[in-house]
Amino acid sequence: MSFENSLSFARQLDFNDPLKRFRSHFYIPVKNAEEVIYFCGNSLGLQPKSARTYFEQELLDWEQLGVEGHFKARNPWMYYHHRFKKPLANIVGALPEEVAAMNQLSVNLHLMMISFYRPDRKRFKIIVEDSLFPSDRYAVQSQLRFHGFDPEEGLIELKPREGEYTLRTADILEEIEAHREELALIMLGGVNYYTGQLFDMARISEYGHRAGAFVGFDLAHAAGNVMLNLHDWNVDFAVWCSYKYLNSGPGGVAGAFVHSRHHHEELPRFNGWWGNEEESRFEMSREFRPAPGIDRWQLSNAPVFNMVAHAAALDLFEVAGMELLRQKSEKLTAYLEYLLEDAIAKGKLDARIITPSDPLQRGAQLSILTGANGKQLYNKLEAGNVIADWREPNVIRVAPVPLYNKFEEVYRFVEILSSDWESED
Ligand SMILES: *Cc1c(COP(=O)(O)O)cnc(C)c1O
């Protein structure tokens, strides 16, 4: 792609953007009487305007029907979660029976590890990234302890090479081979939350299986961001949250994937009544009859009020489609990279991008490693009405997202970030 560093060029890209109409389906936060530049969709996606109508429908049905809403609501609550199968399957590249909207991400991660982390004395180690999200770290540490292992001994952390910031695929694969006798599980972020690196999930899955391990991914930063093909990649399990790129509201219902080849095995699992097959669920029988597919991992009845925003948001994804979204996303991020590198080359910005420049190894997000002036840069963004994300000790994470961000915002963002120091003080 060849770009130009000018406002008119950015506006031309917006003009030609086949997804430009989707911005008007979201509320853009306003600060100092103008719309902010919201580059934090990797942390909390914006509100679809339609969410309110979806909420109101369920409030009304609850108001008018009480308990009968389980079967008589316009969207019967008993089956409310069914509606997520198709859109989630499209987003993560799965069969509908392989995905479910349920619980929260960290809860799902534990439920999946109950099934897929089954260590013995010889094979008990877990491969993770060294820059693992804290909740995931606590989860794997506690799973190790739960099975009687010392996390110090049981966790293998993938570290970038000296002087590098991201992992090389070859190094990951080599590490898997090196531990083939003792490896029980590989659990990586599909896209690392800190560096923005997208991993080669197909190859990691292939090598992991060859080493005799299960392979699972935390897709918190990948779902709705990059193209996923969990079924074809043979991934054993995956989990994700819905409030980042999926725009489904704070603490929104999470998702999980279990590959169909595990649907007919009797894996260890923690059961609840929503995992019982639907036909006999209300017989209140003593004996658990597993529902087909991943639904047997469900525990509780559908949290409908937590699912309405998810429904509103995924309906937009169904219309836009992941392919067009990803195409625009690659272009937005490439334009951001181009402008940042230009500012760095001209000496207007003291920083470096640590996210890989290969589009196959990243999603929307760029992580900008700042120099000594990091906090000052971040303050400049705040003063310029930009919402971005500061990670200690010195990284600014920004994610222009294709559903509601514009090329013009990318242009203005870099202009603010690289503006003159003197004029700011
Ligand atoms: C956002 C995020 C979480 C958050 O977990 P919750 O259970 O939703 O609070 C966990 N892991 C990763 C990698 C994340 O990016």
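Exactly one residue out of Leu44, Leu7, Leu59, Leu65 is modelled with pLDDT of 95 or more and closer than 30 Å to Asn234 by Cα, and it is Leu44.
Count of region 134-146 residues, restricted to those that are buried (at least 20 other Cβ atoms within 10 Å of the Cβ) and within 16 Å of the ligand (Cβ to nearest atom), is 4.
For (1) touching a Pro at 6+ places or on another chain (Cβ under 8 Å); (2) touching a residue at least 40 places away in the same chain (Cβ under 8 Å); (3) open to solvent by 10 Å² or more (accessible area, probe 1.4 Å), each residue gets a yes or a no:
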{"residue": "Asp171", "(1), (2), (3)": "no, no, yes"}
{"residue": "Ile176", "(1), (2), (3)": "no, yes, no"}
{"residue": "Ile204", "(1), (2), (3)": "no, no, no"}
{"residue": "Phe214", "(1), (2), (3)": "no, yes, yes"}
{"residue": "Pro250", "(1), (2), (3)": "no, yes, yes"}
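Tallying residues that are more than 16 Å from the ligand (Cβ to nearest atom) and not in a helix (DSSP H, G or I) within region 103-124 yields 8. Residues in region 286-309: is at least one within 30 Å of Phe407 (Cβ to Cβ) and open to solvent by 10 Å² or more (accessible area, probe 1.4 Å)? So far as region 286-309 goes, yes, one or more of its residues are within 30 Å of Phe407 (Cβ to Cβ) and open to solvent by 10 Å² or more (accessible area, probe 1.4 Å).
Hey, any hits in region 184-200 for a residue that's buried (at least 24 other Cβ atoms within 10 Å of the Cβ), of a type in the set (Asp, Glu) and within 24 Å of the chain's Cα centre (by Cα)? The answer is no, given that none of the residues of region 184-200 is buried (at least 24 other Cβ atoms within 10 Å of the Cβ), of a type in the set (Asp, Glu) and within 24 Å of the chain's Cα centre (by Cα).
Of all the numbered requirements in (1) in a loop (DSSP other than H, G, I, E, B); (2) crowded, with 23+ Cβ neighbours inside 10 Å, Arg180 misses one, and that requirement is (2). In the set (1) open to solvent by less than 40 Å² (accessible area, probe 1.4 Å); (2) away from the ligand (no atom under 16 Å from the Cβ), the condition left unmet by Ser131 is number (2).
The rows are residues; the columns are (1) touching a Leu at 6+ places or on another chain (Cβ under 7 Å); (2) more than 16 Å from the ligand (Cβ to nearest atom).
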{"position": "Leu188", "(1), (2)": "no, no"}
{"position": "Asp200", "(1), (2)": "no, yes"}
{"position": "Gly208", "(1), (2)": "no, yes"}
{"position": "Phe217", "(1), (2)": "yes, no"}
{"position": "Ser242", "(1), (2)": "no, no"}
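Could you check how many residues of region 229-240 are part of a loop (DSSP other than H, G, I, E, B) and either within 14 Å of the ligand (Cβ to nearest atom) or open to solvent by 10 Å² or more (accessible area, probe 1.4 Å) (or both)? Of the residues in region 229-240, 5 are part of a loop (DSSP other than H, G, I, E, B) and either within 14 Å of the ligand (Cβ to nearest atom) or open to solvent by 10 Å² or more (accessible area, probe 1.4 Å) (or both).
So which residues in region 38-90 are within 29 Å of Leu332 (Cβ to Cβ), of a type in the set (Phe, Trp, Tyr) and either part of a helix (DSSP H, G or I) or out of contact with any strand residue (DSSP E or B) (no Cβ under 8 Å at 6 or more places or on another chain) (or both), if there are any at all? Don't jump to the end; show me each part of the working.
Kept after step one, since they are within 29 Å of Leu332 (Cβ to Cβ), are these residues of region 38-90: 38-54, 84, 86-90.
Filter once more, keeping what is of a type in the set (Phe, Trp, Tyr): 38-39, 54, 84.
Result: Tyr54, Phe84.
Would you be able to say whether some residue in region 89-100 is within 16 Å of the ligand (Cβ to nearest atom) and more than 30 Å from Ile368 (Cβ to Cβ)? Within region 89-100 (the criterion being within 16 Å of the ligand (Cβ to nearest atom) and more than 30 Å from Ile368 (Cβ to Cβ)), the answer is yes, since at least one residue qualifies.
The residue pairs whose first member lies in region 71-99 and is assigned by TED's automatic domain parsing to the domain that holds Val235, whose second member is at pLDDT 95 or above and among the hydroxyl-bearing types (Ser, Thr, Tyr), and whose beta carbons are closer than 8 Å, counting only pairs six or more residues apart or on different chains, are Leu95/Ser260; Glu97/Ser260; Glu98/Ser260.
The values are calculated or read from the model by the stated rules, or taken from the named source; none is laboratory data. Everything numeric here is computed off the predicted structure, so don't read it as measured data. No Cβ is skipped: glycine too gets one built from the backbone with ideal geometry, and neighbour counts run over all protein chains shown. Keep in mind that these areas ignore ligands, DNA and RNA; they rest on the heavy atoms of the full protein, side chains included. Shrake-Rupley method; radii C 1.70, N 1.55, O 1.52, S 1.80 Å.
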